[in-house]
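K.L.:
Input: one structure, supplied below.
The values are calculated or read from the model by the stated rules, or taken from the named source; none is laboratory data. Keep in mind it's a predicted model, so treat the numbers as computed, not measured. All Cβ positions, even for glycine, are placed from backbone atoms using ideal geometry, and neighbour counts span all protein chains on display.
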């Protein structure tokens, strides 16, 4: 039995796939490209960032991009794709300033990703927003966070430290990561790959055991030992056990077992666009979209499920994770157009 789907959740593991040609990757960026070193959200953390700005001298709306989980660079490279590079290119050509950065401990950013917590990741995003608002080309009253996947958890937390005028969530959960998002993801991905129901049941029991263990007051060393037993009982091989233990014994995992995104979403007092892919098997629109729509209170907020798209907002008929690397499209043009039009509406750009 493979427990790769458990380790895969928000783990950034797809970055291991080889790179192939992607037609949307920009080759001619005919706008201003600036490199910056920003103070992060914790002492001693410096973020390596790139800001792209339309040519000219006018002040323009600006956005900070927040990556999904796992150690991500500023392009959020996944399955040979560079979705944040594609998104930043599109939005800059639409008239926005776009700031994206390597996660702490990734690329040329300093800090330790292995010990990071969600609150620290959100603090880094807030620090990036503070920098963006002070940039001479950015209209400080027209700024937004755009978070993909886990980035949608982080943006509302960052908002409490450095507020934005709008948010965009791309394939972001409205429910708790553990157990809600995790359990649904494990089952959906496994079924799509043809895993027998008996094996899925074993994986779901492992999820329940992991959640119970992380909610306990045990030390990290005790947690690591018990995690090994949980995944061994579930039939994982040695490398899968090691991968899962490394992921779920982190401060990141311990924090998410207690994190409820609901109160953060309900108190957001700015417009939010929440976009889901119909065939997303990692953050199910079936269970997340209705909750998101209910929690977003601002009258200009919108929750959309785009037909035929997966977790990366690529075109697909199945949503299977194994297809990500084989799909040449990085972000479906329908998703890009939806984002661009909504931003123009809320910023009056």
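K.L.:
Kindly establish whether residue 247 is touching a helix residue (DSSP H, G or I) at 6+ places or on another chain (Cβ under 6 Å) and not assigned by TED's automatic domain parsing to the domain that holds residue 192.
P.N.:
So residue 247 does not fit the description; no.
K.L.:
Cβ-Cβ distance below 9 Å, separation of 6 or more or different chains: which pairs start in the range 142-156 with a residue that is under 20 Å from residue 344 (Cβ atoms) and end on one that is surrounded by fewer than 24 Cβ atoms within 10 Å (Cβ to Cβ) and modelled with pLDDT under 95?
P.N.:
142/348; 142/349
K.L.:
Next question, about the same structure. Can you tell me which residue in the range 224-238 is surrounded by the fewest Cβ atoms within 10 Å (Cβ to Cβ), limited to those that are under 26 Å from the mean Cα position of the chain (by Cα) and under 21 Å from residue 201 (Cα atoms)?
P.N.:
In this case the residue turns out to be 227.
K.L.:
Looking at residue 290, is it in a loop (DSSP other than H, G, I, E, B) and either surrounded by fewer than 21 Cβ atoms within 10 Å (Cβ to Cβ) or modelled with pLDDT of 95 or more (or both)?
P.N.:
Against the criterion (in a loop (DSSP other than H, G, I, E, B) and either surrounded by fewer than 21 Cβ atoms within 10 Å (Cβ to Cβ) or modelled with pLDDT of 95 or more (or both)), residue 290 does not qualify.
K.L.:
Looking at the range 196-236 only, could you name the residues that are touching a residue at least 40 places away in the same chain (Cβ under 8 Å) and more than 20 Å from residue 255 (Cα to Cα)?
P.N.:
Scanning the range 196-236 gives 199, 202, 203, 231, 234, 235, 236.
K.L.:
Could you look through the range 314-349, keep only residues that are in contact with a helix residue (DSSP H, G or I) (Cβ under 8 Å, 6 or more places away or on another chain) and not in a helix (DSSP H, G or I), and pick out the one that is nearest to residue 146 (Cα to Cα)?
P.N.:
Filtering first and then ranking leaves 331.
K.L.:
Can you pull out the residues in the range 50-69 that are surrounded by fewer than 24 Cβ atoms within 10 Å (Cβ to Cβ), at pLDDT 95 or above and closer than 22 Å to residue 120 by Cβ?
P.N.:
The answer is 50, and nothing else.
K.L.:
Moving on to the next point. Given the conditions (1) farther than 25 Å from residue 198 by Cβ; (2) part of a helix (DSSP H, G or I), and given that residue 305 satisfies all but one, which numbered condition is not satisfied?
P.N.:
Exception for residue 305: condition (2).
K.L.:
Is it the case, given these coordinates, that residue 152 is in the same structural domain as residue 46 (by TED's automatic domain parsing), in a strand (DSSP E or B), touching a strand residue (DSSP E or B) at 6+ places or on another chain (Cβ under 8 Å) and under 22 Å from residue 251 (Cα atoms)?
P.N.:
no
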